[in-house]
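The values are calculated or read from the model by the stated rules, or taken from the named source; none is laboratory data. For clarity, every value in this text was computed on a predicted model and none was experimentally measured. Using ideal geometry, Cβ is built from the backbone for each residue, glycine included, and neighbour counts are taken over all protein chains shown.
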Amino acid sequence: MNIDQLLLQSLQLLGLGMGSVFIILCLLIIIIQVIAKLVPEVESPTASAPLPTSAPANTQHIAAIQSAIHQYRRNRQTKS
Amino acid sequence: MNIDQLLLQSLQLLGLGMGSVFIILCLLIIIIQVIAKLVPEVESPTASAPLPTSAPANTQHIAAIQSAIHQYRRNRQTKS
Amino acid sequence: MNIDQLLLQSLQLLGLGMGSVFIILCLLIIIIQVIAKLVPEVESPTASAPLPTSAPANTQHIAAIQSAIHQYRRNRQTKS
Amino acid sequence: MEQGLLDLWASTGIANFTLGQVIMIIIGGGLIYLAIAKGFEPLLLIPIGFGGVLANIPVADIAGPEGLLGILYHSGIESGVFPLLIFMGVGAMTDFGPLLARPSLMILGAAAQFGIFFTLFGAIAMNLIPGMEFTMADAAAIAIIGGADGPTAIYVASRLAPDLLGAIAVAAYSYMALVPIIQPPIMKLLTTEEERKTKMTQLRHVSKLEKIIFPLALLLVTLLLLPSAAPLVGMLCFGNLLKESGVVDRLSNTAQNELINIVTIFLGLAVGSKLAADKFLSVETIGILLLGMVAFSIGTAAGLLMGKLMYRLSGGTVNPLIGAAGVSAVPMAARVANKIGLQANPQNFLLMHAMGPNVAGVIGSAVAAGVLLAIVG
Amino acid sequence: MEQGLLDLWASTGIANFTLGQVIMIIIGGGLIYLAIAKGFEPLLLIPIGFGGVLANIPVADIAGPEGLLGILYHSGIESGVFPLLIFMGVGAMTDFGPLLARPSLMILGAAAQFGIFFTLFGAIAMNLIPGMEFTMADAAAIAIIGGADGPTAIYVASRLAPDLLGAIAVAAYSYMALVPIIQPPIMKLLTTEEERKTKMTQLRHVSKLEKIIFPLALLLVTLLLLPSAAPLVGMLCFGNLLKESGVVDRLSNTAQNELINIVTIFLGLAVGSKLAADKFLSVETIGILLLGMVAFSIGTAAGLLMGKLMYRLSGGTVNPLIGAAGVSAVPMAARVANKIGLQANPQNFLLMHAMGPNVAGVIGSAVAAGVLLAIVG
Amino acid sequence: MEQGLLDLWASTGIANFTLGQVIMIIIGGGLIYLAIAKGFEPLLLIPIGFGGVLANIPVADIAGPEGLLGILYHSGIESGVFPLLIFMGVGAMTDFGPLLARPSLMILGAAAQFGIFFTLFGAIAMNLIPGMEFTMADAAAIAIIGGADGPTAIYVASRLAPDLLGAIAVAAYSYMALVPIIQPPIMKLLTTEEERKTKMTQLRHVSKLEKIIFPLALLLVTLLLLPSAAPLVGMLCFGNLLKESGVVDRLSNTAQNELINIVTIFLGLAVGSKLAADKFLSVETIGILLLGMVAFSIGTAAGLLMGKLMYRLSGGTVNPLIGAAGVSAVPMAARVANKIGLQANPQNFLLMHAMGPNVAGVIGSAVAAGVLLAIVG
Ligand code: NA
Ligand code: NA
Ligand code: NA
């Protein structure tokens, strides 16, 4: 490929590349705005905490188990 | 292998598998009970801490070194 | 290779090896002493902290950003 | 320019999607949703779901042999390294104390493995349905879902039926997350109010030395009787020994924190690479999901029935509910037993008592895995 | 004995050094000096510089296929694994909140990518200079320096022009460190005092749910339109989802701490292996350094000009300085915008406003990388 | 069914054990016992011992090329990666301050390497005993035990005599653990009460800049004179530079905590894979254990004798006890010197003074390793 072709191709890439970047980022802008409009309807101030309650299941379990272990050990110590 | 043979083989596996699981876990029960009987003789309430004293050699060293370093630095500062 | 040759070669290695170790470590002693002589001229008591000021750029940035975020959040809370 | 535009268009996802990929991306998104919104085993299902999405992106070939997920799968799951490292971390996190305090309850963890072997039979029987075709290796890999233990299921599936690995892992973790929904009805069906009210006596004190000896004894039994289970059981014991020895806390802490976290991320993504549409979207997957549910339910029932037997034999000092914890699904199943026990009697704390059968279930399913690998593998 | 001495002498570095290796060791030392004494991106430039020194030690062949650096390069960079894991960590550390609060500023992050594509053209044009020979793949790999994002640059260079990787990585991180020196003159040249004084209104509150949905939406757009960017964008989104989901904090913490630290050490050393004299000491490296500077400057200028346009269109509510942050170089470029803004108006805190374009620049250059990989790769 | 039972029986360990495997499992258990109950280098000997047990389980083939230990060995030790990463972590944990404060004491760290080269000669001489057959490479790998440095020994053995690696690593770590037992009698034998009472003057202050320059100077000397030592010394210097530079604390902390912990677990297990019965249970192993003890003792003696020389030359201001710390075994040997010094004079704190020769011994044995690799390798 000679230098003229390369230069032409790189100019094309400039156009295609900047076009792609703008199209994708503009699309994201629109999507973010749509999400922002939809989300507040779903999310009331108090409803913003539904995830924490159901989510950290594992740590809750662990906490529950640990407290049970502690209780069990305390009982043992009181006894012995 | 036809389906009848497969079914027969899977039934055999059921027997062998559950047999193995029960044999191994029952053996473990016995071993745990034996260990539990043997250990208390070895381990008096105070003797339960023999490991910690000899064990965390490395951290002890490090602690010793760090305290020596601190001492050395304090000395230096007092001097200069 | 017969055992006599091996023994001779290992004696040679003894000489070469200890020679190399002493040469390199002695060279290091000299270099350390040279560095120690050169460094104090460069480094006055106060100048001993030039690195910290320029160095932890990243943490500084992060700290700056975090404080800005905090400020922004505080403002938001005051408003709402 | 037109050629460039055409090339670019030809490289878009839109121009290359197959229906299967679209469905799998939705399924991956669904797993992420369940993990975040419903708390379904998020530590595994977020990476698996996300990996599933990435694996089904056209053109990028992220799950191919040169893509990130493909590399992770090849080096970590095909080799067996990731599930074994997870098992080491699990060992370093597990306290076998409750098991050692009352070892007879271990029998409950044995009984619950009936779910595995019954399902093996069921999977072979499913070949009678037209369209289903499970080999003995497939059936064994599916059956291990009944072990209710993620790394064991992934390890066995990677050895016996790599093509089914995605569906098996998803089923295993999903049903583990569903334990609070699957188990209670079975527990209530198979036990009487009287049995559920049973209070259990406090566990004896277990000395440090017993805890150190146990992983070594477990390894010894395994290597004598069932060496094919030795990789799994061995790494569990190794992690546990790091913890209980008390002299290598920095290794134990790393094994149960940074190392298991890193491996969990990689394992999840790599499992996700097996959610490729052509493997996952098949009638077999439906069979796997059905059989997994059967395995869990039968395992729970077998544990409960053995619990009832122990209730009788012990003169009513063993609450049969803790038998359900024998399926493993640590610590979820033990918590469920505790909860149902509390419903029957608000003074009835079964959690520590259920932990024994619960960790026994981990050992039991590793042993079952060893049998399957020895005979079928 | 004489033979032994001769052998030993023949194995010394002194007897084997080439001039190129000496120069490269000095350059490696220079990078370490800049990193420590001047604070130039020390997290990367210390490992890269040290790796460069190690790679140029004669006899030892540490950067060869059986040496440590060669092994790290082969398994982590040739495969693409390391930059993708860094990107995951970056995702887990990034707060897209400011971007979501005012998404229109994302256009600034798009404009700044002009630096990349202009430099691509410039690199091809450099072929007119005798001695320079850049293929389209080389030119694309060099151009990505303009993305001002280290892992993206390394990822693209490893795919398109591995021989130039050393110079490209050094240029990318050096110019990122030089952002406080390169950008201010351009910012002052292209904006008026009036414009720089512009205060911006406070950002709106962004809900947790929006932050969870965003990485999934970003991935969706990428996989629909530009799957070749999916590995990079996907891992960024995955890391961010780990963080924002709030249910897998232990994975998120590991991704943004231990895991990214380990990979940073390995990545730096492995990049250093490409500072071998025969590859680095060439006229092309001078071209790369020049073009990298051009890329940064043009990117900055393009961001600023788009900022000026938004200043007009928005009726003077957008400070054009934040356009310069669109090149990425997170968070350095945002800090520079903040600093120049404060010089014009001591009440003018632009930092949070500049963070939006700043992280948009990361996305923008990942998208640009996808285009280059799709068309050139 | 009978066939199944027979298959299962044929797959048990009992049916497959060889006597050698039984002995090796007992030896592995013995190492674990010594590590836990006696505090013998537990960070290494627990993983090595456990790996040794796993490697000798019949059928499972965990140390084979497709087993976990085999994979770890191949990717981490055969490649040299694990010992080098450990050395990086050691560098990040080492404070060269005491060495820089009184560099002349470095000569003690040189003298103590006599143990290595004397043992090399001794190993070759052992060929005179019927049944022993050590090549020069074997002898060199065995001799490095005298360096009293685990990663150096493993690195050299993996390059020169992989078959002996298990025995060499076990000997090296065991004798390092035995330093408090091996060294005191030699110290008391070779020094007078008067000498042991010698108090040493306080060390001068070492500036930050000296500490930053030192690893670079050390690397420079190594690459000029002995590039074959560059991988080991280079990674030591790299780790130390991460620490002393003060600008990459997150990398330094990771190198000396999570990363070294992870690699220690893997390295130990992988070394254990070389405790396979057929390699370990040979007359050579007895030779290795004997020679290792000789190496330690001669190294200690050489350090002490050089210490006595310095005591004379310095007019009694150098306590010869610190010469024994020149073997490395950081920080155990320095502690032993301190303890023996305190016995002679309760006001005599030698710890910081012994740290200089102690870390010099690490450098010295890395240099010795370089000589061996250059001439024998
Ligand atoms: Na189970
Ligand atoms: Na960018
Ligand atoms: Na040494």
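Keeping to the stretch E:325-339, report how many residues are within 13 Å of ligand 2 (Cβ to nearest atom), in contact (Cβ under 8 Å) with a residue 60 or more places away in the chain and buried (at least 24 other Cβ atoms within 10 Å of the Cβ).
6
Scan the stretch F:89-101 and give yes if some residue there is in contact with an Asp or Glu (Cβ under 7 Å, 6 or more places away or on another chain), of a type outside the set (Phe, Trp, Tyr) and within 24 Å of F:ALA230 (Cα to Cα), otherwise no.
Narrowing the stretch F:89-101 to residues in contact with an Asp or Glu (Cβ under 7 Å, 6 or more places away or on another chain): F:100.
Those left that are additionally of a type outside the set (Phe, Trp, Tyr): F:100.
Next, from what is left, pick out any that are within 24 Å of F:ALA230 (Cα to Cα): F:100.
Checked against the condition, which is being in contact with an Asp or Glu (Cβ under 7 Å, 6 or more places away or on another chain), of a type outside the set (Phe, Trp, Tyr) and within 24 Å of F:ALA230 (Cα to Cα), the stretch F:89-101 yields at least one hit.
Keeping to the stretch D:271-317, report how many residues are free of Cβ contacts under 8 Å to residues at least 40 places away in the same chain and either buried (at least 18 other Cβ atoms within 10 Å of the Cβ) or over 24 Å from D:ALA329 (Cα atoms) (or both).
Matching residues across the stretch D:271-317 total 5.
Counting only residues that are β-branched (Val, Ile, Thr) and part of a helix (DSSP H, G or I), which one in the stretch D:325-351 is farthest from ligand 1 (Cβ to nearest atom)? So that I can check it myself, show each step before the final result.
Of the residues in the stretch D:325-351, the ones β-branched (Val, Ile, Thr) are D:327, D:330, D:336, D:340.
Subsequent filtering for residues that are part of a helix (DSSP H, G or I) retains D:327, D:336, D:340.
Numbers: D:VAL327: 5, D:VAL336: 15, D:ILE340: 19 Å.
Here the residue is D:ILE340.
Spot the failing condition for E:ALA360; the list is (1) over 16 Å from the mean Cα position of the chain (by Cα); (2) within 16 Å of ligand 2 (Cβ to nearest atom), and only one is missed.
Result: E:ALA360 fails condition (1) only.
Kindly indicate whether any position in the stretch E:113-120 is surrounded by 24 or more Cβ atoms within 10 Å (Cβ to Cβ) and assigned to a loop (DSSP other than H, G, I, E, B).
yes
Scan the stretch D:298-315 for residues that are of a type in the set (Ser, Thr, Tyr) and closer than 20 Å to D:LEU120 by Cα and report the count.
In the first step, residues of the stretch D:298-315 are kept if they are of a type in the set (Ser, Thr, Tyr); the result is D:300, D:311, D:314.
Cutting the leftovers down to closer than 20 Å to D:LEU120 by Cα gives us D:300.
Qualifying residue count for the region: 1.
From the residues in the stretch F:84-120 that are within 14 Å of ligand 3 (Cβ to nearest atom) and not hydrophobic (A, V, I, L, M, F, W, C), which one is farthest from F:ILE145 (Cα to Cα)?
Of everything passing the filter in the stretch F:84-120, F:THR94 is farthest from F:ILE145 (Cα to Cα).
Quick one: which of E:ILE14, E:ILE23 is aliphatic (A, V, I, L, M), over 30 Å from E:VAL330 (Cβ atoms) and within 7 Å of chain F (Cβ to nearest Cβ)?
Values: E:ILE23 fails: within 7 Å of chain F (Cβ to nearest Cβ).
When all the criteria are applied, what remains is E:ILE14.
Can you pull out every residue in the stretch E:127-140 that is among the aliphatic types (A, V, I, L, M) and more than 16 Å from ligand 2 (Cβ to nearest atom)?
Going residue by residue through the stretch E:127-140, those that are among the aliphatic types (A, V, I, L, M) are E:128-129, E:132, E:136-137, E:139-140.
E:LEU128, E:ILE129, E:MET132, E:MET136, E:ALA137, E:ALA139 - these are the residues of the stretch E:127-140 that are among the aliphatic types (A, V, I, L, M) and more than 16 Å from ligand 2 (Cβ to nearest atom).
Tell me, yes or no, whether the stretch F:79-88 has at least one residue that is at pLDDT 95 or above and facing chain D (nearest Cβ under 7 Å).
For the stretch F:79-88, residues at pLDDT 95 or above and facing chain D (nearest Cβ under 7 Å): absent.
Collect the residues in the stretch D:302-324 that are within 13 Å of another protein chain (Cβ to nearest Cβ) and within 13 Å of ligand 1 (Cβ to nearest atom), keeping them in residue-number order.
Those that are within 13 Å of another protein chain (Cβ to nearest Cβ) and within 13 Å of ligand 1 (Cβ to nearest atom): D:ALA302, D:GLY303.
Please work out which one of (1) buried (at least 21 other Cβ atoms within 10 Å of the Cβ); (2) at the interface with another protein chain (Cβ under 8 Å from one of its Cβ atoms); (3) over 27 Å from E:GLU258 (Cα atoms); (4) not small (Gly, Ala, Ser) is the condition E:LEU128 fails and give its number.
So the condition that E:LEU128 fails would be (1).
Checking the conditions here, which among E:ALA143, E:ALA167, E:ALA153 is part of a helix (DSSP H, G or I), touching a residue at least 24 places away in the same chain (Cβ under 8 Å) and within 16 Å of ligand 2 (Cβ to nearest atom)?
Numbers: E:ALA167 fails: within 16 Å of ligand 2 (Cβ to nearest atom); E:ALA153 fails: touching a residue at least 24 places away in the same chain (Cβ under 8 Å).
Going through E:ALA143, E:ALA167, E:ALA153 in turn, just one is part of a helix (DSSP H, G or I), touching a residue at least 24 places away in the same chain (Cβ under 8 Å) and within 16 Å of ligand 2 (Cβ to nearest atom): E:ALA143.
On the given criteria, is F:LEU34 more than 9 Å from every other protein chain (Cβ to nearest Cβ) and crowded, with 24+ Cβ neighbours inside 10 Å? First the steps, then the outcome.
Working: more than 9 Å from every other protein chain (Cβ to nearest Cβ): yes; crowded, with 24+ Cβ neighbours inside 10 Å: no.
For F:LEU34, the condition - more than 9 Å from every other protein chain (Cβ to nearest Cβ) and crowded, with 24+ Cβ neighbours inside 10 Å - is not met.
Just one of D:ASN338, D:ASN358 is farther than 28 Å from D:ALA157 by Cα, in contact with a helix residue (DSSP H, G or I) (Cβ under 6 Å, 6 or more places away or on another chain) and away from chain F (no Cβ under 14 Å); which is it? It would help to see each step written out before you state the result.
On the way: D:ASN358 fails: farther than 28 Å from D:ALA157 by Cα.
Checking each option against the conditions leaves just D:ASN338.
Could you count how many residues in the stretch F:250-271 are farther than 15 Å from F:VAL90 by Cα and away from chain D (no Cβ under 13 Å)?
Result for the stretch F:250-271: 2.
Which number in (1) out of contact with any Gly (no Cβ under 6 Å at 6 or more places or on another chain); (2) outside any helix (DSSP H, G or I); (3) of a type in the set (A, V, I, L, M) marks the one condition that D:VAL206 misses?
(1)
Exactly one of these conditions fails for E:ILE322: (1) in a helix (DSSP H, G or I); (2) surrounded by fewer than 24 Cβ atoms within 10 Å (Cβ to Cβ); (3) of a type in the set (A, V, I, L, M). Give me its number.
(2)
Go through the stretch E:56-78 and report how many residues are buried (at least 24 other Cβ atoms within 10 Å of the Cβ) and more than 10 Å from chain F (Cβ to nearest Cβ).
Number satisfying all stated conditions: 3.
Against the condition in a helix (DSSP H, G or I) and within 16 Å of ligand 1 (Cβ to nearest atom), how does D:ILE124 come out, does it pass? Give the derivation first.
Numbers: in a helix (DSSP H, G or I): yes; within 16 Å of ligand 1 (Cβ to nearest atom): no.
In short, no.
This table checks each residue for (1) within 14 Å of chain A (Cβ to nearest Cβ); (2) within 16 Å of ligand 3 (Cβ to nearest atom); (3) closer than 20 Å to E:ALA301 by Cβ; (4) touching a strand residue (DSSP E or B) at 6+ places or on another chain (Cβ under 7 Å).
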| position | (1), (2), (3), (4) |
| --- | --- |
| E:GLY122 | yes, no, yes, no |
| E:THR135 | yes, no, no, no |
| E:LEU160 | yes, no, no, no |
| E:ILE181 | no, no, yes, no |
| E:HIS205 | yes, no, no, no |
| E:LYS211 | yes, no, no, no |
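Which residue out of D:LEU232, D:LEU236, D:LEU251 is free of Cβ contacts under 8 Å to residues at least 12 places away in the same chain, among the aliphatic types (A, V, I, L, M), in a helix (DSSP H, G or I) and buried (at least 24 other Cβ atoms within 10 Å of the Cβ)? Spell out how you get there, then give the answer.
Details: D:LEU232 fails: free of Cβ contacts under 8 Å to residues at least 12 places away in the same chain; D:LEU236 fails: free of Cβ contacts under 8 Å to residues at least 12 places away in the same chain.
It is D:LEU251.
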